Amino acid sequence: MLLRHIKYFLAVAEHCSFTQAAASMYVSQPALSQQIKQLEETLGVTLFDRSGRKIKLTDAGEVYARYARRSLQDLEEGLRAIHDVGDLTRGSLRLAMTPTFSTYLIGPLIKAFHERYPHITLSVNEMPQEQMEEKLLADQFDVGIAFETVQSAELDFQPLLVETLAFVTTQDHPLASAQKINLKSLNDQPLVLLNRDFATRLQIDRYFSQHKVHPRVQMEANSLSAVIEIVRHTQLSTLLPANIAKNNEELKAIAITPSLFQRTAVLLQRKGAYQSAATQAFIQLAYQHIELNELS
């Protein structure tokens, strides 16, 4: 049995179509179909139900797919291990993060990493934590930066920093000179917040409900950068991690009493995953960067 048999099988399983699978693997459909037939003959089972309008896995196919994915994942890890170089003169790192970190952490961290290891190829991807966890488990990323509310027991996480949400506004706002503001005073402030597609917004809403606060949310946005730009160009304020304001001279983060919730950012990895030299170097540098910049 050859590796291509497994790759072709998994492609058909993913696309539920011989035609689409063949296109994704850049082979002709008859060639792919022949490879699948050879695999079924070798295993002595039928892997796909071809009787309906859409191809689907048989019970035997479902079982085999689980092991095939795991085997392919192990082989790809092995390939990366072979090409991994301990002196970091070459290599790669696949990084995922949730959106909040793109505004204050990732830029400086990637800059420091690239300056120290210029020959390491970086792939940086922003996505929701649920999607990130799935892709880490599928070995599509080496490390993720997310929050400690990890759903999968198959992922390891290490605390990285603590985010505290604050009242974020412009330097010329009437409250900009205040060191703290009372939570109830948010009822009087027009706000722009992330929309409810974000876990941050859902956490904020729960916090408001618990403390019987009813702020005037006059705008919503579907990205952190949009929220920040709206605050910069209007009289609206927002609630975001205080660290975001530290990296923007036009913004001021004001603590809220009682304190708005804190949440712990973590580094995520699949349990037992091969840890390349580049991954180890990134994790070490991340902690050094946090300590140096006092973000925690």
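The values are calculated or read from the model by the stated rules, or taken from the named source; none is laboratory data. Only a predicted model underlies this, so the values are computations on that prediction, with no experimental measurement involved. FYI the Cβ positions are ideal-geometry reconstructions off the backbone, even for glycines, and counts take in every protein chain you see.
Things to note:
- Test: residue in region 102-110 that is within 28 Å of Ile6 (Cβ to Cβ), buried (at least 17 other Cβ atoms within 10 Å of the Cβ) and not hydroxyl-bearing (Ser, Thr, Tyr): no
- Whichever residue in region 277-291 is within 18 Å of the chain's Cα centre (by Cα) and of a type in the set (A, V, I, L, M, F, W, C) and, among such residues, is surrounded by the fewest Cβ atoms within 10 Å (Cβ to Cβ): Ile283
- Here Arg263 meets each of (1) more than 18 Å from Ala199 (Cα to Cα); (2) part of a strand (DSSP E or B); (3) in contact with an Asp or Glu (Cβ under 8 Å, 6 or more places away or on another chain); (4) of a type in the set (Lys, Arg) with one exception, condition (1).
- Residue count for region 266-276 under the criterion of being surrounded by fewer than 18 Cβ atoms within 10 Å (Cβ to Cβ) and either at pLDDT 90 or above or of a type in the set (A, V, I, L, M, F, W, C) (or both): the result is 1.
- In this structure, Leu39 does satisfy being among the aliphatic types (A, V, I, L, M), over 27 Å from the mean Cα position of the chain (by Cα), surrounded by 18 or more Cβ atoms within 10 Å (Cβ to Cβ) and assigned to a helix (DSSP H, G or I).
- All conditions but one from (1) of a type in the set (A, V, I, L, M, F, W, C); (2) closer than 26 Å to Ile106 by Cα; (3) assigned to a helix (DSSP H, G or I) apply to Val150; the one that does not is (3).
- Scanning region 56-70 for residues that are in a helix (DSSP H, G or I), of a type outside the set (Lys, Arg) and surrounded by 14 or more Cβ atoms within 10 Å (Cβ to Cβ) yields a count of 5.
- Some residue of region 121-143 being in a strand (DSSP E or B), farther than 17 Å from Gln269 by Cβ and assigned by TED's automatic domain parsing to the domain that holds Lys246: yes
- Filtering region 212-242 to residues that are outside any loop (DSSP other than H, G, I, E, B) and of a type in the set (A, V, I, L, M, F, W, C) leaves Val217, Met219, Ala221, Leu224, Ala226, Val227, Ile228, Ile230, Val231, Leu239, Leu240, Ala242.
- Conditions (1) surrounded by 13 or more Cβ atoms within 10 Å (Cβ to Cβ); (2) part of a helix (DSSP H, G or I): number failed by Val45: (2)
- Scanning region 153-187 for residues that are of a type outside the set (D, E, K, R), more than 18 Å from Ile256 (Cβ to Cβ) and part of a strand (DSSP E or B) yields Leu155, Phe157, Gln158, Pro159, Leu160, Leu161.
- Cβ-Cβ under 7 Å pairs, at least 6 apart or on other chains, region 187-213 side at pLDDT below 90, far side β-branched (Val, Ile, Thr) and in a helix (DSSP H, G or I): Thr200/Thr100
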